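Read-outs throughout are calculated quantities, based only on the coordinates presented, and are distinct from any laboratory measurement. Everything quoted here is computed from the prediction, not taken from an experiment. Every residue, glycine as well, gets a Cβ built from its backbone with ideal geometry; the counts of neighbours run over all protein chains shown.
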Amino acid sequence: MIDLLALSPAWWQETFLIKVPIGLLAVLLPAGTIVYLYLFKAISFMQSRLGPMEAGPYGSLQLLAEVGKWIQKEDIFPSKADKFVFAAAPFVVLMSTFLLVVVIPAGPDALFVDLDAGIYFAMAISSVSVIGILMAGWSSANKYSLLGGIRAAGQLIAYELPLILAVVGVVIQAGTMNMQGIVLSQAEGEIFGWGGIGNPFILTQFIGFAIFMIAVQAELTQAPFDMPVAESELVTGYLTEYSGIRFLLFFIGEFASAGVFSAIAAVLFFGGWYVPGIDPANQIFNVIGPLVLAAKMMLIAFLIFWFRFTFPRFREDQLQRLAWKFLIPLSLANIALTGVLKVAA
Amino acid sequence: MSMTSESDQLAYIASQAADARVNVEVETDEGMTLNLGPQHPATHGTLRIIAKLDGEKVVAAEPIMGYMHRGYEKLTEVRTYPQVTTLVNRIDWLGSFANEVPFILAAEQLMEVEAPPRAQWIRTILFELSRIANVCLFLGDMAVQIGATTPVFYAFRDREFVLNQIERVTGGRFHPNFDRIGGLKDDLPKGWIEETRGALNRMTDFCDEMEELVLGNEIFQARTRGIGTIPSDVALAYGLSGANLRASGIDWDIRRDANVGLVYDQVDWKVWTHPDGDSFARFWVRLQETREACNIIDQLLGTIPSGPIMAKVPRIIKVPPGEAYVATENPLGEMGFYVVSKGDLTPFRVKIRSASFSNMSIAPWVLKDVFVPDIISILASLYFILGDIDR
């Protein structure tokens, strides 16, 4: 992008003036779009209602109104709360989201950091949000929050495993942990000798994709895995005592992570910024790549929200059973199968 | 507050001591005590449940009722008989017409009046319509308590058609206040029967939709099958009634077995029971009953006799001395009014036997060795209305 504009900014300009706003944009814009399109509108249509209609055309400014409302609200600290931990928790959750977006490539050169073990970094940093949620649950001095926090910890740790094991299949097939490398191997790959559309791993790693999406659903604590916030049981779980801007931060964290995880799924299974028919080395991808990635990401985010509003909630023990007794063995079998086929091919 | 007499002061101290005792129990017991309510999203109002937990497992749970007590039994003593219906249709606010019927029937029994056939027919139709309006919301709400947000919107959407039909006859969507001693306030409006058939079709579709969307869902079944099982002898011992009793396999329905004043004997219908007694069975029975109610109304609509809708009753209603107990099979279960008259304009004493109060009494028994999420799903499947618990 920078090359296209024929600019060569100094390192601090590049780091602070360009990367930080673009990073904010890359996290907040999809989060806002997801909230408006899916949480407000698509779901309303599924539930035979209109959703917000008053603020802006078709309620498109509703989100701004909501954000304004939350910012104005009092930031209440419970009297027995551990003040510092309580205040820090939303930032820990949000931090993990922002650090995740760092490794996602949106074009041959349109990326923040090109880590050799990009996907490894992403999987590791996504676990940090558990700490934030546990902090929120513990420091609120509220039993609902505590139950929610502990449920979240148990759930996120249990689903970390299938998430990573599902990715291992992709890594084996791509032969690299570099996110850019995974995109390129899909762009240049071929399915049993036919390379017409490259090899989007959704086709060859379908089991991996299914496991990955289920695990992502649990990682994001969306229904049917929303016990940590189960609003009919735990009021809102670890969010119970939060209000005002800190609740907003958690809210952004939730939907921004939905966007970021969809983007990771798009990179791993849908070829990321690549569209078939154009040479992946073509510079045009620095411009259309982010749009392609965003389109694929929205498609996957729709899946997440579709499930969220269709299924009832699992119970805690049923969810653990699903993770340990079904998803993990299945993903191990998937790894074994992928390995055998990789060696045979 | 000013406390004039010694008895006032003693009563105040006693109430404070009772509160303190509950709170001390909450704070000092071993393990964790979770206080669900009185303000909690799952209690549809102000029910308080004190659950003693071991991890997520419930060791003991006790419902504390009375946060919404409105003193209807006492209030009826200073209302004339026709005025009482206004009060009692706020007991179970989702199926409000059904609350008026047993009281009016008890008063009619005391006065030895019988409503003309047409009034009895329309009463039965409205009674079943309010059952649909009530149970329809249960079908959506049960899903929402288990975590699926969508079905409740469908329930509200399709319930609207039934409410519209009730409104067209009575003028009130929530509180019709339509039943009178000796008959009904008005006759049916023109074209109502055809419109009601349309609403019933809508309702049958809704039942099919719920069967696919909720009942057939594997997560729903995992959350409800074998959860909160109430064997039939326990159900009888705790005085359960309505669909909760029938879901425990006991074939008892007041509409068929002890019918007073309504025309269920004119209809070909079936009482649904389920042998399991778990949350799933209670949902299943209610779903079938909604279908059956559509069937009953459909048959009654075709056979409404002509004639007056009001029997001959004096303008000023004085009920002769005596006692009467009439119970009907309300949406929530057996609802009975025990009316004692001393020959005045007002009842001397009215005892309301409401279904939810008795159904809730089984909560400490059934909420043992379950998980916290099961508290919610079992309570939802027992189906209570706060107004019906506290009156």
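Compute the long axis of helix A:128-139 from its Cα atoms, compare it with the longest principal axis of the Cα atoms of chain A, and write down the angle in degrees, 0 to 90, nearest 10.
Computed tilt is about 10 degrees.
Magnitude of the Cβ-charge dipole of chain A, K/R +1 and D/E -1, about the Cα centre, nearest 20 debye?
Charge dipole of chain A: 780 debye, to the nearest 20.
Which residues in the range B:67-94 place their backbone N less than 15 Å from a point set 7 Å from the Cα of B:LYS351 along the Cα-to-Cβ direction?
B:73-74
Between Rg and the Kirkwood Rh of the range B:72-356, both from Cα atoms, what is the Rg to Rh ratio?
Rounded to two decimals, Rg over Rh is 0.97.
Tell me which of A:ILE172, A:VAL183, A:LEU220 sits at the most positive position along the dipole axis of the range A:142-262, charges placed on C-beta atoms (Lys, Arg +1; Asp, Glu -1).
A:LEU220
Considering only the other residues whose Cβ falls under 15 Å of the Cβ of A:SER126, what net charge follows from Lys and Arg at +1 and Asp and Glu at -1?
It works out to a net charge of -3.
Would you please calculate the Kirkwood hydrodynamic radius of the range A:77-344 over all C-alpha pairs and express it in Å, rounded to one decimal?
Averaging 1/r across every pair of different Cα atoms and inverting gives 19.0 Å.
Any idea how many Lys pairs in the range B:253-391 come in under 29 angstrom at the alpha carbon, given 8 or more places apart or on separate chains?
5
Identify the chymotrypsin sites (Phe, Trp or Tyr not before Pro) of the range A:189-245 meeting these criteria: DSSP loop state and at most 11 other C-beta atoms within 10 Å of the C-beta.
Those that pass, being in a loop and sparsely packed, are A:PHE192.
Could you go through the range A:319-327 in sequence order and give the Karplus-derived ³J(HN,Hα) for each residue, using 6.51 cos²θ - 1.76 cosθ + 1.60 with θ = phi - 60°, rounded to whole Hz, and x for Gly and Pro?
5, 5, 4, 4, 5, 7, 9, 10, 5
Any idea what the dipole of chain B comes to, in debye rounded to 20, about its Cα centre with Lys/Arg Cβ at +1 and Asp/Glu Cβ at -1?
1160 debye
Run the dipole for the protein assembly as shown about the Cα centre, Lys and Arg Cβ at +1, Asp and Glu Cβ at -1, nothing else charged, and hand back the magnitude in debye, nearest 20.
With only Lys, Arg, Asp and Glu charged at Cβ, the dipole is about 960 debye.
Per DSSP helix of 4 or more residues, -39500 (n - 2.57); summed, then divided by the residues of chain A. What does that give at 222 nm, rounded to the nearest 500?
-19000 deg cm²/dmol
Could you pull out the GluC sites (Glu not before Pro) across the range B:280-325 that fall in loop regions by DSSP (anything but H, G, I, E, B) with no more than 15 other Cβ atoms inside 10 Å?
none
Could you give the length gained on full extension between B:ARG202 and B:GLU160, defined as 0.36 nm per residue of separation minus the Cα-Cα distance, in nm?
14.1 nm
Kirkwood Rh, Cα Rg: Rg to Rh for the range B:177-328?
Checking Rg against Rh, the ratio lands at 1.05.
Check B:ILE362: other-chain or 5+ apart residues with amide H under 5 Å from its amide H, H built from backbone geometry?
none
Rounding to the nearest 10 and keeping the result within 0 to 90°, find how far the Cα-based axis of helix A:20-34 lies from the longest principal axis of chain A.
It is inclined by approximately 70 degrees.
Between B:GLU6 and A:ASP317, take the C-beta separation as r, use R0 = 51 Å, and let me know the FRET efficiency to the nearest 0.05.
0.40
For the range A:250-256, what does the Karplus curve 6.51 cos²θ - 1.76 cosθ + 1.60, with θ = phi - 60°, yield as ³J(HN,Hα) per residue in whole Hz, taken in order and with x for Gly and Pro?
In residue order, the calculated couplings are 4, 4, 4, x, 4, 7, 5 Hz.
Counting only residues 5 or more places away or on other chains, whose amide H sits under 5 Å from the amide H of B:ILE49 once H atoms are built in the peptide plane?
Under 5 Å from the amide H of B:ILE49 lie the amide H atoms of B:LEU36, B:GLY37, B:ILE64, each far enough along the sequence or on another chain.
Please say if the range B:281-391 is rounded, prolate or oblate, where rounded means a/c under 1.5 for a ≥ b ≥ c the square roots of the C-alpha gyration tensor eigenvalues, and otherwise the choice is prolate for a/b larger than b/c and oblate otherwise?
Here the range B:281-391 falls in the oblate category.
Would you mind putting B:218-228, A:163-173, B:149-159 in packing order, based on average other-beta-carbon counts within 10 Å, highest first?
Highest-to-lowest ranking by the protection proxy: A:163-173, B:149-159, B:218-228.
Note down the relative contact order for chain B as a percent, whole number, built from C-alpha pairs under 8 angstrom at least six residues apart.
Once divided by the residue count of chain B, the mean separation gives 25 percent.
Across the range A:64-69, in residue order, what do the Karplus-derived ³J(HN,Hα) couplings come to in whole Hz, using 6.51 cos²θ - 1.76 cosθ + 1.60 with θ = phi - 60° and x for Gly and Pro?
4, 4, 5, 4, x, 4
Which of the aspartates and glutamates could be linked to B:LYS74 by a straight reach, that is with a Cα gap under 15 Å, when you skip same-chain ones fewer than 8 residues away?
B:ASP390
Relative contact order for the range B:117-172: what percent, with Cα pairs under 8 Å and sequence separation of 6 or more?
Value for the range B:117-172: 32 percent.
Which value at 222 nm does chain B reach when only helices count, each DSSP H run of 4 or more adding -39,500 (n - 2.57), with the total divided by all residues and rounded to the nearest 500 deg cm²/dmol?
After summing the helix terms and dividing by the residues of chain B, the value is -15000 deg cm²/dmol.
Give me D for the range B:75-131 in µm² s⁻¹, whole number, from Stokes-Einstein with Rh from the Kirkwood sum over alpha-carbon pairs, 4 °C and 1.567 mPa s.
109 µm²/s
What spacing in nm lies between the two simple spin-label points modelled at A:ASP279 and A:VAL85, each 7 Å away from Cα in the Cβ direction?
That separation, rounded to one decimal, is 5.8 nm.
Output the direction-averaged projected area (hull surface divided by four) of the convex hull of the alpha-carbon atoms of the range B:85-169, in nm².
Quarter of the Cα hull surface area: 6.2 nm².
Filter the cross-link list A:LYS69/B:LYS57; A:LYS41/A:LYS296; A:LYS19/A:LYS83; A:LYS41/B:LYS57 down to pairs whose alpha-carbon distance in this structure exceeds 30 Å.
In this structure, A:LYS69/B:LYS57; A:LYS19/A:LYS83; A:LYS41/B:LYS57 exceed 30 Å between Cα atoms.
Could you grab the relative contact order for chain A? Cα pairs under 8 Å, six or more apart, rounded to a whole percent.
23 percent
State which helices in chain B qualify, where a helix is a whole DSSP H run, it must extend 30 Å or more along its own axis by its Cα atoms, and its mean Kyte-Doolittle hydropathy must be at least 0.0.
Going by DSSP H runs, the hits are B:117-146.
Let me know the whole percent of all Cα-Cα pairs from the range A:99-168 that are separated by more than 20 Å.
Across the range A:99-168, Cα pairs with separations above 20 Å total 44 percent.
log₁₀ I(q)/I(0) of the protein assembly as shown at q = 0.04 Å⁻¹, via Debye over equal Cα point scatterers, no solvent, to two decimals?
Each listed q maps to, in turn, -0.21.
Could you tell me the distance between the Cα centroids of the range B:102-181 and the range A:143-169, to the nearest Å?
When both Cα centres are located, 45 Å separates them.
Using 0.36 nm times the number of residues separating B:TRP365 and B:GLU62, minus their current alpha carbon distance, what extension gain do you get?
Here the answer is 108.2 nm.
Would the range B:132-238 count as rounded, prolate or oblate if I go by the C-alpha gyration tensor, calling it rounded below 1.5 in a/c and otherwise prolate when a/b exceeds b/c, oblate otherwise?
oblate
Amide H neighbours of B:ASN330 under 5 Å, at least 5 residues apart or on other chains, H built in the peptide plane: list them.
B:MET335
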